[in-house]
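J.: Once you've had a glance at the structure underneath, I'll fire off some questions.
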Amino acid sequence: MMTVPRRLVAGTGWKMNNDAAATRRYAAELAPRLAGLPTAALDLYVLPPFTSLHAAAEAFAAGPVAIGGQNMHWDDAGAWTGEVSAPMLREAGCRYVALAHSERLAHFGETYEAVRRKINAAFRHGLTPILCLGETAEDRAADRADAVLGGQLETALADQPPERVAEAILAYEPRWAIGAAAAAAPDYVSARHAAIRALVSRRWGAAAGQAVRIVYGGSVDAENGAALVALADVDGLFVGRAAWTAQGFAAIVAIVAQAAMTKGAAP
Ligand code: PEP
(Lines give C-alpha, C1' and ligand atoms only; values in the text may rest on other atoms or scores of the structure.)
Protein backbone atom coordinates (compact mmCIF):
# COMPACT_ATOMS: atom_id res chain seq x y z
CA MET A 1 0.00 0.00 0.00
CA MET A 2 1.26 3.49 -0.85
CA THR A 3 1.83 5.45 2.34
CA VAL A 4 0.78 9.10 2.37
CA PRO A 5 2.31 11.35 5.04
CA ARG A 6 -0.22 12.32 7.66
CA ARG A 7 -0.99 15.99 8.42
CA LEU A 8 0.37 16.83 11.83
CA VAL A 9 -1.78 18.23 14.60
CA ALA A 10 -1.05 20.73 17.37
CA GLY A 11 -3.80 21.29 19.90
CA THR A 12 -4.39 22.52 23.38
CA GLY A 13 -7.11 21.89 25.95
CA TRP A 14 -7.59 24.86 28.25
CA LYS A 15 -9.53 22.93 30.91
CA MET A 16 -11.26 25.48 33.22
CA ASN A 17 -9.01 28.38 32.21
CA ASN A 18 -9.37 31.44 29.95
CA ASP A 19 -12.71 33.23 30.23
CA ALA A 20 -14.09 35.10 27.21
CA ALA A 21 -11.92 38.19 27.72
CA ALA A 22 -8.77 36.07 28.16
CA THR A 23 -9.73 34.09 25.06
CA ARG A 24 -9.82 37.29 22.97
CA ARG A 25 -6.42 38.35 24.34
CA TYR A 26 -4.98 34.89 23.63
CA ALA A 27 -6.17 34.98 20.00
CA ALA A 28 -4.83 38.51 19.49
CA GLU A 29 -1.43 37.55 20.92
CA LEU A 30 -1.27 34.29 18.97
CA ALA A 31 -1.94 35.72 15.50
CA PRO A 32 1.38 37.57 15.02
CA ARG A 33 3.32 34.66 16.54
CA LEU A 34 1.85 32.21 14.01
CA ALA A 35 2.20 34.58 11.06
CA GLY A 36 5.66 33.38 10.04
CA LEU A 37 4.98 29.66 10.51
CA PRO A 38 3.82 27.22 7.77
CA THR A 39 0.51 26.59 9.50
CA ALA A 40 -1.27 25.59 6.25
CA ALA A 41 0.46 22.22 6.56
CA LEU A 42 -0.98 21.61 10.05
CA ASP A 43 -4.27 21.09 11.84
CA LEU A 44 -4.41 23.41 14.85
CA TYR A 45 -7.07 23.53 17.55
CA VAL A 46 -7.83 25.07 20.90
CA LEU A 47 -10.46 23.68 23.27
CA PRO A 48 -11.80 26.55 25.41
CA PRO A 49 -14.36 26.19 28.21
CA PHE A 50 -17.94 26.23 26.91
CA THR A 51 -18.61 29.82 27.97
CA SER A 52 -15.62 31.03 25.93
CA LEU A 53 -16.57 29.22 22.71
CA HIS A 54 -18.48 32.09 21.12
CA ALA A 55 -15.66 34.53 21.86
CA ALA A 56 -13.18 31.97 20.51
CA ALA A 57 -15.18 31.43 17.31
CA GLU A 58 -15.02 35.16 16.60
CA ALA A 59 -11.47 35.73 17.76
CA PHE A 60 -9.91 32.80 15.88
CA ALA A 61 -12.11 33.08 12.76
CA ALA A 62 -9.54 34.81 10.58
CA GLY A 63 -6.63 32.51 11.42
CA PRO A 64 -5.60 28.86 11.08
CA VAL A 65 -6.77 27.73 14.53
CA ALA A 66 -10.03 25.77 14.79
CA ILE A 67 -11.96 25.43 18.01
CA GLY A 68 -13.52 22.49 19.80
CA GLY A 69 -15.38 21.40 22.90
CA GLN A 70 -13.77 19.66 25.86
CA ASN A 71 -16.67 17.23 26.22
CA MET A 72 -20.32 16.88 25.20
CA HIS A 73 -23.43 14.75 25.69
CA TRP A 74 -24.49 11.98 23.28
CA ASP A 75 -28.04 13.24 22.87
CA ASP A 76 -28.96 16.17 20.64
CA ALA A 77 -31.27 17.80 23.22
CA GLY A 78 -33.29 16.87 26.26
CA ALA A 79 -33.48 16.73 30.06
CA TRP A 80 -29.74 16.59 30.73
CA THR A 81 -29.04 19.36 33.22
CA GLY A 82 -25.57 20.83 32.87
CA GLU A 83 -24.81 19.17 29.55
CA VAL A 84 -24.04 20.48 26.05
CA SER A 85 -24.82 18.66 22.79
CA ALA A 86 -23.03 18.18 19.48
CA PRO A 87 -25.44 20.51 17.59
CA MET A 88 -24.79 23.17 20.24
CA LEU A 89 -21.03 22.81 19.77
CA ARG A 90 -21.49 23.07 16.02
CA GLU A 91 -23.64 26.18 16.41
CA ALA A 92 -20.90 27.70 18.58
CA GLY A 93 -18.40 27.16 15.75
CA CYS A 94 -16.66 23.95 16.86
CA ARG A 95 -14.98 21.54 14.47
CA TYR A 96 -13.60 19.23 17.15
CA VAL A 97 -14.62 17.65 20.42
CA ALA A 98 -12.34 15.93 22.92
CA LEU A 99 -13.81 12.80 24.45
CA ALA A 100 -12.68 10.51 27.28
CA HIS A 101 -10.20 13.00 28.70
CA SER A 102 -8.61 11.45 31.78
CA GLU A 103 -10.07 14.14 34.04
CA ARG A 104 -13.55 13.25 32.81
CA LEU A 105 -12.86 9.59 33.55
CA ALA A 106 -11.19 10.16 36.92
CA HIS A 107 -13.43 12.85 38.43
CA PHE A 108 -16.80 12.61 36.66
CA GLY A 109 -17.35 8.89 36.28
CA GLU A 110 -17.19 8.95 32.51
CA THR A 111 -16.93 5.52 30.84
CA TYR A 112 -15.81 4.40 27.39
CA GLU A 113 -19.32 3.00 26.86
CA ALA A 114 -20.68 6.55 27.22
CA VAL A 115 -17.87 7.76 24.97
CA ARG A 116 -19.01 5.27 22.30
CA ARG A 117 -22.37 7.05 22.18
CA LYS A 118 -20.67 10.46 22.12
CA ILE A 119 -18.45 9.40 19.20
CA ASN A 120 -21.59 8.46 17.27
CA ALA A 121 -23.08 11.89 18.00
CA ALA A 122 -19.87 13.67 17.03
CA PHE A 123 -19.73 12.03 13.60
CA ARG A 124 -23.49 12.46 13.10
CA HIS A 125 -23.02 16.21 13.48
CA GLY A 126 -19.76 16.69 11.61
CA LEU A 127 -17.45 17.08 14.60
CA THR A 128 -14.04 15.39 14.54
CA PRO A 129 -13.64 13.45 17.78
CA ILE A 130 -10.33 13.64 19.60
CA LEU A 131 -10.54 10.34 21.41
CA CYS A 132 -8.28 10.15 24.47
CA LEU A 133 -6.72 6.80 25.31
CA GLY A 134 -4.43 6.08 28.20
CA GLU A 135 -3.42 3.59 30.85
CA THR A 136 -3.14 4.31 34.57
CA ALA A 137 0.10 4.00 36.54
CA GLU A 138 -1.20 0.66 37.88
CA ASP A 139 -1.81 -0.60 34.33
CA ARG A 140 1.69 0.38 33.37
CA ALA A 141 3.20 -1.32 36.42
CA ALA A 142 1.25 -4.48 35.61
CA ASP A 143 2.54 -4.40 32.03
CA ARG A 144 -0.97 -4.25 30.57
CA ALA A 145 -0.91 -0.83 28.89
CA ASP A 146 -1.50 -2.13 25.36
CA ALA A 147 -4.34 -4.39 26.47
CA VAL A 148 -6.01 -1.42 28.20
CA LEU A 149 -5.56 0.81 25.15
CA GLY A 150 -7.01 -1.94 22.94
CA GLY A 151 -10.08 -2.24 25.17
CA GLN A 152 -10.64 1.53 25.14
CA LEU A 153 -10.37 1.65 21.34
CA GLU A 154 -12.65 -1.36 20.83
CA THR A 155 -15.34 0.10 23.08
CA ALA A 156 -15.25 3.73 21.99
CA LEU A 157 -15.08 3.01 18.25
CA ALA A 158 -17.24 -0.14 18.25
CA ASP A 159 -19.88 1.38 15.98
CA GLN A 160 -17.54 3.05 13.50
CA PRO A 161 -16.64 1.83 10.00
CA PRO A 162 -12.99 2.08 8.89
CA GLU A 163 -13.49 5.37 7.02
CA ARG A 164 -14.78 7.04 10.20
CA VAL A 165 -11.98 5.62 12.32
CA ALA A 166 -9.51 7.04 9.79
CA GLU A 167 -11.01 10.53 10.32
CA ALA A 168 -10.81 10.48 14.11
CA ILE A 169 -7.86 11.86 16.04
CA LEU A 170 -6.56 9.47 18.69
CA ALA A 171 -4.84 11.16 21.61
CA TYR A 172 -2.54 8.83 23.49
CA GLU A 173 -2.43 10.43 26.93
CA PRO A 174 -1.01 8.11 29.60
CA ARG A 175 -3.06 9.03 32.66
CA TRP A 176 0.01 9.12 34.88
CA ALA A 177 1.71 11.68 32.60
CA ILE A 178 -1.09 14.29 32.56
CA GLY A 179 -0.42 17.27 34.82
CA ALA A 180 2.76 15.54 35.92
CA ALA A 181 6.37 16.65 36.33
CA ALA A 182 7.55 14.98 33.12
CA ALA A 183 6.22 13.51 29.89
CA ALA A 184 6.50 9.79 29.14
CA ALA A 185 9.88 8.80 27.71
CA PRO A 186 10.14 8.81 23.89
CA ASP A 187 10.83 5.05 23.72
CA TYR A 188 7.73 4.33 25.76
CA VAL A 189 5.60 6.72 23.68
CA SER A 190 6.93 5.19 20.47
CA ALA A 191 5.96 1.67 21.57
CA ARG A 192 2.44 2.72 22.63
CA HIS A 193 1.76 4.65 19.41
CA ALA A 194 2.96 1.70 17.32
CA ALA A 195 0.71 -0.59 19.36
CA ILE A 196 -2.31 1.69 18.89
CA ARG A 197 -1.73 1.87 15.12
CA ALA A 198 -1.38 -1.92 14.96
CA LEU A 199 -4.61 -2.35 16.94
CA VAL A 200 -6.46 -0.05 14.53
CA SER A 201 -5.02 -1.91 11.53
CA ARG A 202 -6.05 -5.30 12.92
CA ARG A 203 -9.59 -4.26 13.79
CA TRP A 204 -10.43 -1.71 11.03
CA GLY A 205 -7.93 -2.56 8.29
CA ALA A 206 -4.53 -1.38 7.15
CA ALA A 207 -5.83 1.73 5.35
CA ALA A 208 -7.48 3.05 8.52
CA GLY A 209 -4.38 2.15 10.56
CA GLN A 210 -2.18 4.04 8.14
CA ALA A 211 -4.45 7.11 7.94
CA VAL A 212 -5.51 7.69 11.55
CA ARG A 213 -3.63 10.47 13.36
CA ILE A 214 -2.31 9.55 16.81
CA VAL A 215 -1.17 12.53 18.86
CA TYR A 216 0.69 12.40 22.16
CA GLY A 217 -0.36 14.32 25.27
CA GLY A 218 0.89 14.40 28.85
CA SER A 219 3.24 17.08 30.21
CA VAL A 220 4.43 18.17 26.78
CA ASP A 221 6.32 21.46 26.74
CA ALA A 222 8.65 23.44 24.51
CA GLU A 223 11.64 21.44 25.78
CA ASN A 224 10.42 17.87 25.33
CA GLY A 225 7.96 18.35 22.43
CA ALA A 226 10.41 18.13 19.53
CA ALA A 227 11.72 14.69 20.51
CA LEU A 228 8.17 13.36 20.92
CA VAL A 229 6.68 14.66 17.69
CA ALA A 230 9.72 13.44 15.75
CA LEU A 231 8.76 9.81 16.53
CA ALA A 232 7.49 7.81 13.54
CA ASP A 233 3.95 7.10 14.78
CA VAL A 234 3.42 10.40 16.58
CA ASP A 235 1.30 12.72 14.44
CA GLY A 236 1.16 15.73 16.69
CA LEU A 237 0.95 17.04 20.24
CA PHE A 238 -2.00 17.61 22.59
CA VAL A 239 -0.90 20.09 25.23
CA GLY A 240 -2.41 21.33 28.47
CA ARG A 241 -0.51 23.66 30.81
CA ALA A 242 2.30 24.58 28.43
CA ALA A 243 -0.16 26.08 25.91
CA TRP A 244 -2.52 27.99 28.17
CA THR A 245 -0.79 31.15 26.96
CA ALA A 246 -0.48 32.27 23.35
CA GLN A 247 3.28 32.34 23.69
CA GLY A 248 3.30 28.74 24.92
CA PHE A 249 1.02 27.48 22.16
CA ALA A 250 3.01 29.32 19.47
CA ALA A 251 6.17 27.55 20.67
CA ILE A 252 4.43 24.17 20.37
CA VAL A 253 3.09 25.02 16.89
CA ALA A 254 6.62 25.99 15.80
CA ILE A 255 7.93 22.60 16.98
CA VAL A 256 5.18 20.69 15.18
CA ALA A 257 5.67 22.77 12.00
CA GLN A 258 9.35 21.86 12.04
CA ALA A 259 8.47 18.17 12.44
CA ALA A 260 6.00 18.41 9.55
CA MET A 261 8.79 19.66 7.28
CA THR A 262 11.14 16.89 8.42
CA LYS A 263 8.52 14.18 8.01
CA GLY A 264 7.25 15.52 4.70
CA ALA A 265 3.72 15.65 6.11
CA ALA A 266 1.30 16.75 3.40
CA PRO A 267 -0.08 20.31 3.30
C1 PEP B 1 -4.13 17.20 29.14
O2 PEP B 1 -4.82 17.58 30.09
O3 PEP B 1 -4.65 16.61 28.17
C4 PEP B 1 -2.71 17.45 29.17
C5 PEP B 1 -1.97 16.89 28.25
O6 PEP B 1 -2.26 18.27 30.18
P7 PEP B 1 -0.74 18.65 30.51
O8 PEP B 1 -0.07 18.98 29.20
O9 PEP B 1 -0.82 19.82 31.41
O10 PEP B 1 -0.12 17.45 31.14
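The values are calculated or read from the model by the stated rules, or taken from the named source; none is laboratory data. What you are looking at is a predicted structure, and each value in this text was computed from that prediction instead of being measured. Please note: Cβ atoms are built from the backbone with ideal geometry, for glycine as well, and neighbour counts cover all protein chains shown. Just the protein is used for accessible areas: all its heavy atoms, side chains included, with ligands, DNA and RNA removed. Shrake-Rupley method; radii C 1.70, N 1.55, O 1.52, S 1.80 Å.
J.: Using 1/(1 + (r/R0)^6) with R0 = 22 angstrom and r between the beta carbons of Asp187 and Glu163, what's the FRET efficiency to the nearest 0.05?
T.: FRET efficiency, Asp187 to Glu163: 0.10.
J.: Along the charge dipole of the chain, Cβ charges K/R +1 and D/E -1, which of Thr51, Ala79, Ala194 sits furthest on the positive end?
T.: The one lying farthest along the dipole's positive direction is Ala194.
J.: Let me ask something else. Using DSSP, restrict attention to beta bridges with both residues in segment 128-249 and report what percent are antiparallel, rounded to the nearest 5.
T.: 0 percent
J.: Quick check: from the Cα gyration tensor, does segment 122-267 come out rounded (a/c under 1.5), prolate or oblate?
T.: oblate
J.: Subtracting the Cα-Cα distance from 0.36 nm times the residue separation, let me have the gained length for Ala20 to Ala106 in nm, one decimal.
T.: Full extension of this stretch gives 28.3 nm more.
J.: Pick out the long, greasy-scoring helices in the chain: whole DSSP H runs spanning 24 Å or more along their own axis by Cα, mean Kyte-Doolittle at least 1.0.
T.: Membrane-span-like by this criterion, though nothing is claimed about a membrane: 246-263.
J.: Express the carbon and sulfur contribution to the solvent-accessible surface of the chain as a percent, rounded to the nearest whole number, probe 1.4 angstrom.
T.: Exposed carbon and sulfur together represent 55 percent of the surface.
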